[in-house]
Amino acid sequence: GISTYYWMFPSEAGVRLNNLLASLEGELAQAKKAKTQLDCDLATKQALLCESDDRGSLLENLKRLEEEDAGLEAQLAKFADCDPDVYRQMKKGLASSKDSANRWVENLWNLQSWMKKKYPGHDKDMKLLFKQHGVADDLDTIP
């Protein structure tokens, strides 16, 4: 059969390896340069963050303020029901909730009607079934 062999001159492979080596050495040099820069930045930052009484008092003040903020957020959450935006959202959902409830009531009526036609003479059993599942006798749609 026909065979395809991949080959190249030995000098081409050497050139590719040399190019790869050169690019990797360049990347290594850039990484070393970045590391020295980061080490220098770290040393300057650590020198600026020396522990002092002023820094300690500021950290304590920050902790106290964060705790106070958490307490205020908890108090604000208690009054979320009085928020006008929440009230508007609830009012928007009211119409769709009312329509959904009425649709389910009508579905129950349709089920009762179908069961009466399908199983005549079992009215007591049907009433008992609906009562066991929490459907009241005076169930009506929401106006």
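The values are calculated or read from the model by the stated rules, or taken from the named source; none is laboratory data. Keep in mind it's a predicted model, so treat the numbers as computed, not measured. Cβ sites come from the backbone with ideal geometry, for glycine too, and all protein chains shown count toward neighbours. Heavy atoms of the whole protein, side chains included, go into the accessibility calculation; ligands, DNA and RNA do not. Shrake-Rupley method; radii C 1.70, N 1.55, O 1.52, S 1.80 Å.
Modelled spin labels at ASP81 and ALA136, positioned 7 Å past Cα toward Cβ, are 2.2 nm from each other.
The lysines whose alpha-carbon is closer than 30 Å to the alpha-carbon of LYS35, local same-chain residues fewer than 8 away aside, are LYS45. Just check region 1-124 against the gyration tensor rule for me: Cα atoms, a ≥ b ≥ c as the square roots of the eigenvalues, rounded for a/c under 1.5, and otherwise prolate or oblate depending on whether a/b exceeds b/c. The shape class here is oblate.
Couplings 3J(HN,Hα) of region 57-71, computed from phi: 5, 5, 5, 5, 5, 4, 4, 4, 5, 5, 5, 5, 5, 5, x Hz, in residue order, whole Hz [Karplus 6.51 cos²θ - 1.76 cosθ + 1.60, θ = phi - 60°; x for Gly and Pro]. The local environment of ALA95, defined by Cβ-Cβ distances under 14 Å, has a net charge of +4 under the rule Lys, Arg +1 and Asp, Glu -1.
Protein chains only, probe 1.4 Å: how do PHE79, PHE130 rank by accessible area, largest first?
PHE79, PHE130
Within region 129-143, name every residue whose backbone N is under 19 Å away from a label modeled 7 Å from Cα of LEU94 along the Cβ vector. Taking a point 7 Å out along Cα→Cβ of LEU94, the residues of region 129-143 whose backbone N falls under 19 Å are 141-143. Structure remark: mean-square fluctuation, Gaussian network model of the chain, C-alpha springs under 10 Å; the largest value among LEU42, LEU65, LEU76 belongs to LEU42. To the nearest ten degrees, helix 123-132 and the longest principal axis of the Cα atoms of the chain are 40 degrees apart. What the chain shows is 93 Å² of accessible area per residue, with the surface traced by a 1.4 Å probe over protein heavy atoms.
Sort region 54-143 into rounded, prolate or oblate with this rule: let a ≥ b ≥ c be the square roots of the eigenvalues of the Cα gyration tensor; rounded if a/c is under 1.5, and if a/c is not under 1.5, prolate when a/b is larger than b/c, oblate otherwise.
prolate
For helix 10-48, report the angle its Cα long axis makes with the longest principal axis of the Cα atoms of the chain; keep it between 0 and 90° and round to the nearest 10°. Orientation of helix 10-48: about 70 degrees from the principal axis.
Relative to the longest principal axis of the Cα atoms of the chain, helix 84-118 runs at roughly 50 degrees.
In this structure GLU68 has an accessible area near 90 Å², from a 1.4 Å probe over the protein heavy atoms. Counting heavy atoms of the protein chains alone, CYS50 has an accessible area of about 80 Å² for a 1.4 Å probe.
By the rule of a C-alpha distance below 18 Å, with chain neighbours fewer than 8 residues away ignored, the lysines paired with LYS131 are LYS116. Heavy-atom accessible surface of MET115, to the nearest 10 Å², is about 30 Å², with a 1.4 Å probe and all protein chains retained.
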